[in-house]
Amino acid sequence: MRLTLVFALLTATASAQFTLQQSNSTASFRGIHAVSDKVAWASGTNGTVLRTVDGGEHWLACTVPPDAEKLDFRGIQAFDDKTAIVMSSGKGDASRIYKTSDGCKHWKLAMTNTEPEGFWDALYSDSSDHAWVMGDSINGKSVLLEVRALDDAEPELEMSLSNREVDRGTSSFAASNSTLLVLNKAVQEPGWKYSRWWAGDIPEHAYVYRLREENKATCRPCREFTDKVEVPMAHGVSTAGIFSLAFRPDKTLVAVGGDYKTPESPVKTAAWSADYGKTWTPATKPPHGYRSSVAWSNRLQAFLTVGPNGTDISYDNGKIWQPVSTDIEQSNDWNALSLPFVVGPKGRIGKLNPADFPRKPIPSKR
């Protein structure tokens, strides 16, 4: 629910790490989903949705969904050049889900938040009619909704992961649609499997919740547990906490964030876990400021994180981070990642240039 501030410098030149692209929009973008290097969708303020089918050479403006002119689309999930689901974040019925199946010429309102105090923070969808929605807690109960049959007149809502006890006031940051992490294929270790993690903060603490499911051939039904794990991230004020989660398929999870009111501060802006989120360790050398989004890059074989005052890279699973550039025009003012694309305020969209990133990893300090 805590909407973050944006800091912007709009440029129209090519940067080293990201090639800036022409969006023909002044919206603040926080939703981005790359289907491929060619097809991607972006979403932002004032009901704005864009898509590209040629790698960003042209970004095409979508029809604004019905009654969405004042909505802030913080999350988007796409499946091809025709089909996408977009989520707005806001209090009460300002949190909604729309769907298009015809390349965004037309949109269907699929779901509206019916809780007056509710606020949706993140969306994940693994198919065009199935989605997960995470929101701020309500009266000390978690909100993690599973939505099925989005194409139906009345989608089926599964509440099995909601209504679990959490600290009163627990909320998440709707900064980059990446405080909810869902794996299509669960990762496993003896006796357990994991596929869902989400961040939830109160001013005094930063937490990652993980769904732990029993993984035995003999259990029918199998048990599941929601673990609440404290993470050594910035806290103490309502503007600080975890803003983004990312996973590498070797048990490694990375969390980034900080305090968006002090974007230059590097204090507790990243932490990492090597055991599926059971324990967390602060970065030895954190990103050099508040960060709103993090992603694993197979091309770079590194984690990449972005924020208002720069971009950082880690080659050692989040232990040591280094700035990718000292030129603010090259690396500043990004909100969200879905590689190879990155989006930011005032219509800012870029595309990754892997060849222009540092290639020599920094050795891990043990």
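Read-outs throughout are calculated quantities, based only on the coordinates presented, and are distinct from any laboratory measurement. A quick note: this is a predicted structure, and the numbers were derived from the prediction, not measured. FYI the Cβ positions are ideal-geometry reconstructions off the backbone, even for glycines, and counts take in every protein chain you see.
Remarks
- Using θ = phi - 60° in the Karplus curve 6.51 cos²θ - 1.76 cosθ + 1.60, the 3J(HN,Hα) couplings for segment 205-213 round to 8, 10, 10, 10, 9, 9, 8, 10, 10 Hz; x is entered for Gly and Pro.
- Length-normalised contact order of segment 41-162 in % [C-alpha pairs under 8 Å, at least 6 apart]: 16
- Calculated from the structure at hand, Cα extents along the principal axes in Å is found among (1) 85, 45, 38; (2) 68, 45, 37; (3) 56, 54, 39 as (3).
- Separation between Cα centres of segment 93-136 and segment 21-50, rounded to whole Å: 17
- Too-long pairs where the Cα-Cα distance tops 18 Å, listed order kept, from Lys185/Lys216; Lys99/Lys141; Lys319/Lys351; Lys193/Lys278: Lys99/Lys141; Lys319/Lys351
- The listed peptides 138-149, 277-288, 33-44, ordered by packing as a protection proxy, come out as 33-44, 277-288, 138-149 (highest mean of other Cβ atoms within 10 Å first).
- Each peptide in 221-231, 193-203, 109-119, 173-183 was scored by the mean count of other Cβ atoms within 10 Å over its residues; highest first, the order is 173-183, 193-203, 109-119, 221-231.
- Per-pair calculated FRET efficiency, R0 = 56 Å: Lys38 and Arg164 via Cβ, rounded to 0.05: 0.85
- Mean Cβ count within 10 Å, highest first, over the residues of peptides 58-65, 78-85: 78-85, 58-65
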